[in-house]
1. Does region 83-94 contain any residue that is without any contact (Cβ under 8 Å) to a residue 40 or more places away in the chain, surrounded by 10 or more Cβ atoms within 10 Å (Cβ to Cβ) and among the aliphatic types (A, V, I, L, M)?
2. Name the residues in region 38-82 that are among the acidic types (Asp, Glu) and exposed (fewer than 10 other Cβ atoms within 10 Å of the Cβ), would you?
3. Taking the options GLU104, GLU58, name whichever one is acidic (Asp, Glu), within 19 Å of the chain's Cα centre (by Cα) and assigned to a helix (DSSP H, G or I).
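What follows is calculated from the coordinates using simple rules that are stated; it is not laboratory data. No experiment lies behind these values; they were computed from the predicted model shown. Note that we place each Cβ from the backbone using ideal geometry, even for glycine, and neighbour counts take in every protein chain shown.
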Amino acid sequence: EPSGLIKRNTHTGAQTHSIYFSSETENRVTAKMRLFLAVAVLMLAFVAYTEAQDDTIEQKFANFGEQVSEVTRNLAEKAKTAFEDIHRSQFATDTRNWFDELIEKAKSKFTEIAQ
């Protein structure tokens, strides 16, 4: 037998055939089988994991939509509160009063010019 070859006997009826495989070929076949087995086990584990989840994908999207709506409502409420606070601030009140005075002065000047 050549070095590194493994002899396999196959029986077909009354005849015996000798087939030689290299140990490298057998190692590749074994590695492929292990790979297929590992992939199959991983797929089964993935299926079991996804089935064990409480929420379906649809429920997760619905929950996400609700969370986005809630964040948007909170943000709008905070923006409204901040705008009202700025609108009621002393600076805003003084600025409006100053513009009102300027407009009144401009009206009185136009009225004087028009007469």
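1. Looking for residues that are without any contact (Cβ under 8 Å) to a residue 40 or more places away in the chain, surrounded by 10 or more Cβ atoms within 10 Å (Cβ to Cβ) and among the aliphatic types (A, V, I, L, M), one finds at least one in region 83-94, hence yes.
2. Residues satisfying the conditions are GLU51, ASP54, GLU58.
3. Testing whether each residue is acidic (Asp, Glu), within 19 Å of the chain's Cα centre (by Cα) and assigned to a helix (DSSP H, G or I) leaves just GLU58.
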